[in-house]
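Below you'll find the structure, written out as structure tokens, and then a few comments.
The values are calculated or read from the model by the stated rules, or taken from the named source; none is laboratory data. These figures come from a predicted structure and were not determined experimentally. So basically every Cβ, Gly included, is an ideal-geometry build from the backbone, and we count neighbours across all protein chains shown. To get the accessible areas, we keep the full protein, side chains included, count just its heavy atoms, and leave off ligands, DNA and RNA. Shrake-Rupley method; radii C 1.70, N 1.55, O 1.52, S 1.80 Å.
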Amino acid sequence: MLQAYWYITKMKLLVNLTYRFEVFTSVATNLILMLASVFLWQTAYKGGSGSVESLSLQDITTYTILSIIISTIFVCDVQNTIYYKIREGQIVTDFYRPIPLFACYLAEDIGEMLSSLLNRALPLVVFASIFFGIPWPASFGSFLLFLPSCLLSYAILWLLSALIGLIAFWVMELGNMGNVKDAIVRVLSGSIVPLWFFPESVQTVSKFLPFQYTYQTPLGIYIGNTSMSEALTSMAVQAVWIAVLYLILAAGWARTKKKTLIQGG
Amino acid sequence: METVIEVKDLVKEYIIVKKESGLRGSIKSLLFPKKTKFNGVNGISFSIAPGEIVGYIGPNGAGKSTTIKMLTGILHPTSGSIKVCGISPQADRKAVVRKLGVVFGQRTQLYWDLRLGESFELLCRIYQIDQQAYDDNLAILTDVLKLQEFINTPVRQLSLGQRMRGDIAAAMLHSPSVLFLDEPTIGLDADAKHAIRNFIKEINRTRGVTVILTTHDLDDVEQLCSRIIVVNNGKLVEDGPIGSIIHKLTPHRLLVVELHEPADDLTTPHATVIKQEGLKIWYQFEKESISASELIAALSQKLPIQDISVKEPNVEDAIREVYKTTATR
Ligand SMILES: Nc1ncnc2c1ncn2[C@@H]1O[C@H](COP(=O)(O)OP(=O)(O)OP(=O)(O)O)[C@@H](O)[C@H]1O
Ligand SMILES: [Mg+2]
């Protein structure tokens, strides 16, 4: 079985490495986004006292660059895959194979993630280093914590995406809910503006939502804005969210299988 | 009797959201959807013995695909029970699908981005097929379905007929004991149809694979199936050997007589004239009450006959008869 997943991942990786034009557009779009965001922060900081909420301009620049880079790696296509497969009725072919379907979609996303690491993230790192200098982590220790935290982030994002996919099994009329979710994640994860800049009340509420643990947690660790103990606590919270989302997904999926909506003969 | 498939009182209820037209209508139906229920499959029972080739036929919307989806564990029945190889596909989908090969003619289970051969490789890993068995099986399938020319072509570049052959091979890689084919010959040319029919006969003969086939091509049925199950409006209307169903539904035959000169009295007590075109006359007669030779003898006494032929009703006539009598909703 593992062999099957590995094969899916490998093939997805190989296939994706051959898509040159898509890669070019992706790198270009993200580069523009990166430049614009960094210039915006530079302008914002010029007017102020030099540092806001104890974040230096250097910190926020690194934060922004890294945020855009990891967003190209965190591939969660599962929501779209499911939506389109259901829409076109193609989902049936995934149902009569003796292999769990979500695991296959995860294997695909991981394959795409690996290819993005090579052909999307890497060029962005190079460009960012040229324009703004290498975005170093605060310390070697924070880099070591950043990596596992990123993995946990990805698990949360992927599970959220899979849950959205699950909705498509029930209601097709709503369209692709993924776009709504993506917008919420973008704002509440702190991927564009860290939540430290948000009003106290928003920050409090956000602590009880999974979103800030997807971008702000690993990025905060990377720039050294969180102490060691805070970092470990956040990672524990990430793990809890993974467990919770996984249980919801498993329960939801068990129910969904009985009521699957299949379009077309 | 030994059975591979056992279906009892199968019902699948679909909920249909009625869409109203216009902007107001669509907003209204988004907020307050009008839901109606209807049974796509409405109480079907049958059982199938190992090694049978069964044609599952019926007009569009009869519930054929819906039935196949339930048999293969894709859909859950609203009520009724299914046993495939003694297991319920709903209770243990993974155990059942290992024993099944499935082809939906309108979809492909091949991977769009991969080459055909790579799709097979992946299936080999998914079904955990023993390497030796896989190689042997693939060699046979490649040979019978003539896959050599396009085994290295990306699936998205295959023609419909090539893709269908690829799909059928994919369904047979893990040596299933039951094969479900939902319209496997749809849109194929005569050659491709021929190849696929031969293949079905072959695996049925050599491996004893049970085949359940839906199709609108009655040649498929005539050439392959020993038994047909006819459904309409979600209900089973006929189930039995092809010959007896034809016999039961169309008990009459046609005698076409060509005269060399016009005759006055064409009537005979044994048959009715149903059509006349110049010197050509169509007689319809019940095969129970008179044999063709008796009728010919009787007619040749009073008519100047030049040529004569007997037409047996075929599956198509029988099926049309079924569709007519079980009027649509
Ligand atoms: N997802 C669905 N939602 C609502 N109704 C459906 C759905 N799928 C099928 N139906 C309805 O159920 C009935 C049976 O459909 P099914 O696809 O089983 O027909 P079929 O016998 O395969 O027809 P065909 O020969 O056209 O393929 C049809 O009236 C169809 O409109
Ligand atoms: Mg159908």
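With one equal scatterer per alpha carbon and no solvent term, the Debye-computed log10 I(q)/I(0) for segment B:209-260 at 0.13, 0.32 1/Å reads -0.43, -1.32.
Mind grabbing the interface size between A and B? I mean buried accessible area, both sides, 1.4 Å probe, in Å² to the nearest hundred.
When A and B are taken together, about 2900 Å² of accessible area is lost.
Based on the Cβ-Cβ distance from A:L117 to A:T43, what FRET efficiency comes out when R0 is 41 Å, to the nearest 0.05?
With a Förster radius of 41 Å, E is 0.85.
Checking buried surface per residue: for segment B:121-136, which residues lose a minimum of 50 Å² accessible area in the protein assembly relative to the chain alone (1.4 Å probe)? Flagged in segment B:121-136: B:L122, B:R125, B:I126.
When the Gaussian network model of chain B links Cα atoms closer than 10 Å, the mean-square fluctuations of B:V221, B:V178, B:V237 top out at B:V237.
A cut-off of 5 Å between modelled amide H atoms, ignoring neighbours fewer than 5 places along the same chain, links A:S191 with no other residue.
Hydrodynamic estimate: the Kirkwood radius of segment B:191-329 over Cα pairs, inserted into Stokes-Einstein at 10 °C and 1.306 mPa s, corresponds to D of 90 µm²/s. Ligands, DNA and RNA aside, A:S56 has an accessible area near 40 Å² when probed at 1.4 Å. Each 10 Å bin from zero up to the one holding the largest Cα-Cα distance in chain A carries the following percent of pairs: 7, 27, 34, 22, 9, 2, 0. Between the chain alone and the structure with every protein chain in place, find the residues of segment B:57-91 that drop at least 10 Å² of accessible area; heavy atoms, 1.4 Å probe. Residues meeting the cut-off: B:S65, B:K69, B:I74, B:L75, B:H76. Around the amide H of B:V237, modelled in the peptide plane, lie the amide H atoms of B:V230, B:V231, B:N232, all under 5 Å away and 5 or more residues distant in sequence or on another chain.
The slack between A:K258 and A:Q203, meaning 0.36 nm per residue of separation minus the straight C-alpha distance, is 15.9 nm.
Using only Cα atoms, find the angle between the long axis of helix B:160-172 and the longest principal axis of chain B, and express it within 0 to 90 degrees, rounded to the nearest 10. Approximately 70 degrees, to the nearest 10.
If each Cα of segment A:138-265 is one equal point scatterer, what is log10 of I(q)/I(0) from the Debye formula at q = 0.12, 0.17, 0.22 Å⁻¹? Per q value, in the given order, log10 I(q)/I(0) is -0.52, -0.89, -1.26.
Ordered by solvent-accessible area of protein heavy atoms (1.4 Å probe), largest first, the residues B:I305, A:I91 come out as B:I305, A:I91. Per-residue shielding of A:3-10, expressed as the average number of other chain Cβ atoms within 10 Å of the residue Cβ, stands at 4.
In segment B:251-312 the Cα-Cα distances spread across 10 Å bins starting at 0 as 23, 63, 14, 0 percent of all pairs. Computed from backbone phi, the HN-Hα couplings of segment A:137-143 come to x, 4, 7, 5, x, 5, 5 Hz, rounded to whole numbers (Karplus: 6.51 cos²θ - 1.76 cosθ + 1.60, θ = phi - 60°; Gly and Pro given as x). Phi-derived couplings, Karplus 6.51 cos²θ - 1.76 cosθ + 1.60 at θ = phi - 60°, listed residue by residue for segment A:146-157: 4, 4, x, 5, 4, 4, 5, 4, 4, 4, 4, 4 Hz, with x used for Gly and Pro. Computed from the C-alpha gyration tensor, the three semi-axes of the ellipsoid equivalent to segment B:33-130 are 27, 19, 15 Å, from longest to shortest. Largest GNM mean-square fluctuation among A:Y84, A:Y96, A:Y63, using chain A with Cα springs under 10 Å: A:Y96. Here is the link list: A:K257/B:K99; B:K83/B:K248; A:K10/A:K181. Which ones come out longer than 26 Å on Cα distance? Pairs exceeding the cut-off: B:K83/B:K248; A:K10/A:K181.
Between A:T233 and A:L17, the contour length at 0.36 nm per residue exceeds the Cα-Cα span by 74.0 nm. Contact residues in segment A:91-128 (at least 40 Å² less accessible area with all protein chains than alone, 1.4 Å probe): A:V92, A:F95, A:Y96, A:R97, A:P98.
Taken over segment B:173-252, the ratio of Cα radius of gyration to 2.2 N^0.38 Å equals 1.18.
Taking Cα atoms, how many degrees apart are the long axis of helix B:292-302 and the longest axis of chain B, rounded to 10 and kept between 0 and 90? The angle comes out near 30 degrees. Each Lys or Arg adds one and each Asp or Glu takes one away; over the other residues whose Cβ falls under 14 Å from the Cβ of B:H216, this sums to -4. As a calculated quantity, the FRET efficiency between B:I87 and A:E173 at R0 = 41 Å, using C-beta atoms, amounts to about 0.70.
Largest first and in whole Å, the equivalent-ellipsoid semi-axes of the protein assembly as shown read 65, 25, 22, each the square root of five times a Cα gyration tensor eigenvalue.
Look at the stretch B:102-109: the mean tally of other chain Cβ atoms within 10 Å of its residues' Cβ atoms is 4. What residue among A:G133, A:G111, A:G190 has the largest mean-square fluctuation in a Gaussian network model of chain A, using Cα springs under 10 Å? Evaluated over chain A, the most mobile residue of the options is A:G133. Phi-derived couplings, Karplus 6.51 cos²θ - 1.76 cosθ + 1.60 at θ = phi - 60°, listed residue by residue for segment B:313-325: x, 10, 4, 4, 4, 4, 5, 4, 4, 4, 4, 5, 6 Hz, with x used for Gly and Pro. Other residues within the sphere of radius under 12 Å centred on the Cβ of A:T29, judged by their own Cβ, net out at 0 (K and R +1, D and E -1). Relative to the dominant Cα principal axis of chain B, helix B:190-207 is inclined by about 70°. Between B:A263 and B:T325, the modelled labels are 3.2 nm apart [label points 7 Å from Cα along Cα→Cβ]. B:S293 sits among other residues whose Cβ lies under 14 Å from its own Cβ, and their net charge, with Lys and Arg +1 and Asp and Glu -1, is +1. In this structure the protein assembly as shown gives 47 Å² per residue of accessible area when probed at 1.4 Å with all protein chains present.
Less than 5 angstrom separates the built amide H of B:T153 from those of B:L116, B:G117, all sequence-distant by 5 or more or on a different chain.
For segment B:238-299, the set of trypsin sites (Lys or Arg not before Pro) satisfying both a DSSP loop assignment and a count of at most 16 other C-beta atoms within 10 Å is given as B:K287. For chain B, the calculated P(r), taken from all Cα-Cα distances in 20 Å bins from zero up to the bin holding the longest distance, is 26, 45, 25, 5 percent.
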